[in-house]
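Read through the structure below, which is laid out as structure tokens, and then see the notes.
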Amino acid sequence: IGNDVYDDDVTIILPTPLARGQKRHIGFEYDLELPNYAPGGYWYPEVPDTWGEKFTARMELTVNKKNEVRSMGRMESKREENDREVSVWVVEHPTAMITFSTATRFEEQKVEAPSIPPVYSFGPNVELGNRNKVRNVAADVANSLQWFQFMLQDKVPEAQNFYVTSIAAGHGQAFDGFLHMSEYTYTGEHPGASELFRAHEVAHEWWGHKVGWKSYRDQWLSEAFAEYSSMMFVQAFVKGGDKFFEEILDSYEGIVLGDLRGGFSKFNRPWLVEFNTANRARLGPIGHGYRASTLEIPAGYQIQAYHKGPLVLHMLRTMLKYKTGNDDLFVEILRTFVHDYSGKLASTADFRSVVEKKAPGDWGFFFDSWVNSAEIPSYRWSYSVAPSEGGGYTLTINLKRSNVGSNFTTVIPVRIDYEDGKSGVTFIMNKAAEESVTRKLAAKPKTVVFAPEHSLLADIRKD
């Protein structure tokens, strides 16, 4: 095929049929122009639908002497040939994707911390004083590596080095022990948002690489879990984390519900906010993967996996926290999922089985409503309190819901605050479009809060 033809797919027709067990070697050469990095899975030949098939690799990389190169794996050798430098890298641990990065003007910073490999940050030196920013990236990667290891009780594989490199792009991508980071995170610091972006790529060492996904329908197990894990890191580790966490939830709800509640937050993505109700209603569910996108909303998969997905995990977390009093059960579910499916391709059904194993019961309603359905309810609610015969009080909660079908079922936490500063939580298993529920209380409540702490993804209004 001449250079005037561009096609990213190549079909090879063999002269005779393949025979089982018979080895066939196919050799060919091609030229490919790359920026300063090799994106995963696109620059070398691969067979479609083989994400789960991991392999080792040996790469010989030739660059001009003025260039420096960093790659996955272990550098086996390096030599000079005239005005070029040739290095050989060996990837001994089977992996799904291979990458490398190169640069001419760069700064490299090393951070060492207990229990993790040394972290090398390879970034641009185009700004005066950029050394500190390059080091900040390495520090955030090291901190989140340690934090995820502790939270998930699972260590990253032993490695000689852990690289994080700047790429001439606006996104990030994770590989085994090697991270791509947007060049913009190397030239600016945005408290909360910078840590969130960097930790997301680190979290993929578990969600995506250790625990893979069986099909495109299950890919949210990688993206949503990485995003929510990084949100938990920001909440627990970053100064002002609780405030940032609340701001992230507000922004993501605005993106999913199609309003501007995220405002001008650094976590908001205004270009993803779709105000047209009819267009939003056509989006597919999380469980449709990239097929959730539509002609009107090409970024539908991104909205569902990166924004709605974390909100669904947050609902599960808050539900369990209100039931048990802390986050221990939710964290135990994450740990068990990593332990049971490390090195495997997991499905949404597999995750549901872990939830039901640790929090016994039928959780089908939760996954049917929030993962396998794209509907998002609207609620109008009110409450009243009256003295009860024989003492105490009766709390009556009236609610009306719309925009969802009759099969939509969800659990709604309701927090009851009392004058003495104590609080309690009751749950409403909502299946009907309109209902009233009553609860007997020993004391008169000060306030009643419907779905506190973003525990329900819905358009909620109090009458």
Sorted list, accessible surface of protein heavy atoms, 1.4 Å probe, largest first, for Asp176, Asp31, Asp83 is Asp31, Asp83, Asp176
Heavy-atom accessible area per residue - the chain, 1.4 Å, Å²: 51 Å²
Normalise the Cα radius of gyration of segment 249-311 by 2.2 N^0.38 Å (N = residues in it) and let me know the number. 1.00
Suppose a student asked you for the relative contact order of the chain, using Cα pairs under 8 Å spaced at least 6 residues apart; what percent would you report? 9 percent
Report, to the nearest whole %, how much of the accessible area of the chain belongs to carbon and sulfur atoms, 1.4 Å probe, protein only. 49 percent
Relative compactness, segment 178-304, computed as alpha-carbon Rg over 2.2 N^0.38 Å: 1.09
I'd like the accessible area for Ile26, computed on protein heavy atoms only with a 1.4 Å probe and all protein chains in place. Round to 10 Å², please. 100 Å²
5 angstrom amide H check on Ala458, placed H, neighbours 5+ away: none
The answer for GluC sites (Glu not before Pro) in segment 171-236 that fall in a DSSP coil and have at most 15 neighbouring Cβ atoms within 10 Å is Glu189
Hand me the GluC sites (Glu not before Pro) from segment 401-463 located in a DSSP loop with no more than 13 other Cβ atoms within 10 Å, in residue order please. Glu419
Regarding the chain, what is the average projected area of its C-alpha convex hull, in nm²? 28.1 nm²
Considering the Cα trace of segment 314-463, what is its radius of gyration and what is Dmax, both in angstroms? 17.4, 60
I'd like the accessible area for His200, computed on protein heavy atoms only with a 1.4 Å probe and all protein chains in place. Round to 10 Å², please. 10 Å²
For each pair in Lys214/Lys308; Lys357/Lys444; Lys110/Lys344, compute the distance between the two Cα atoms and list the pairs where it is over 27 Å. Lys357/Lys444; Lys110/Lys344
If you put +1 on each Lys and Arg Cβ and -1 on each Asp and Glu Cβ, how big is the dipole of the chain around its Cα centre, in Debye rounded to 20? 1220 debye
How large is the Rg to Rh ratio of segment 43-188 when both quantities use alpha carbon positions and Rh follows Kirkwood? 0.97
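The values are calculated or read from the model by the stated rules, or taken from the named source; none is laboratory data. Keep in mind the model is a prediction, meaning the values are calculated, not measured. FYI the Cβ positions are ideal-geometry reconstructions off the backbone, even for glycines, and counts take in every protein chain you see. We work out accessible area using only protein heavy atoms, side chains counted, and drop any ligands, DNA or RNA first. Shrake-Rupley method; radii C 1.70, N 1.55, O 1.52, S 1.80 Å.
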